Amino acid sequence: MAIAKKAVVWGLFAAGGTLSSFIFPALIALFLLVALGFTPDGLQYEHIYAFAASWLGKAALFIVLFLSLWHAAHRLRVVFHDFGVRKDGLIATAVYLVATAGTVMTAFYLYSIN
């Protein structure tokens, strides 16, 4: 029996889209507050760094970035198809390699935060 790769890709796409739709509007609102000069206490550099340096913060950031990268990669693949680019194998390889590279770089960067 052949293993269906499509289910894995669609699962990552769906999870990334769902997570991004909940997380990114909140991040945009928080960054807008910071840009307007209303910095809440929890958004001070020391607090954000302490969160990113903890294992829970690293795990949360990794999951959000990992799923968002894979969602964006699959969405970009579909956009290329909608624009008439019919080299699906090449496009899929390229966008998923970029998502993989972004995932590895995210893991490396988060690991280096101490």
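Some observations on this one:
- Take each peptide in 88-94, 28-34, count the other Cβ atoms within 10 Å of every residue, and average; sorted highest first, the result is 88-94, 28-34.
- Phi to ³J(HN,Hα) by Karplus 6.51 cos²θ - 1.76 cosθ + 1.60 over region 55-70, Hz, x for Gly, Pro: 5, 5, x, 4, 5, 5, 5, 5, 5, 4, 6, 4, 5, 5, 4, 6
- Gain upon complete extension [HIS47, VAL104; 0.36 nm per residue less C-alpha separation]: 18.0 nm
- Taking packing as the residue-averaged number of other Cβ atoms within 10 angstrom, the listed peptides 36-46, 59-69 run from highest to lowest as 59-69, 36-46.
- Partner aspartates and glutamates whose Cα lies under 19 Å from the Cα of LYS6, excluding those fewer than 8 positions away in the same chain, are identified as ASP82, ASP88.
- The simple Förster model, with R0 at 35 Å and r as the Cβ-Cβ distance, assigns PHE31 and THR93 a FRET efficiency of 0.55.
- Within the chain, longest stretch clear of exposed trypsin sites (Lys or Arg not before Pro) (DSSP loop, no more than 12 other Cβ within 10 Å): 1-85
- Residues TYR49, TYR96 arranged by fewest to most Cβ contacts within 10 Å: TYR49, TYR96
- For the chain, the mean projected area of the C-alpha convex hull, equal to one quarter of the hull surface, is 9.5 nm².
All of the numbers you see were taken from the coordinates with simple rules; none came from a lab. Note that the structure is predicted; figures quoted are calculated from it, not measured. Counting neighbours? That spans all protein chains shown, and the Cβs are built from the backbone with ideal geometry, glycine included.
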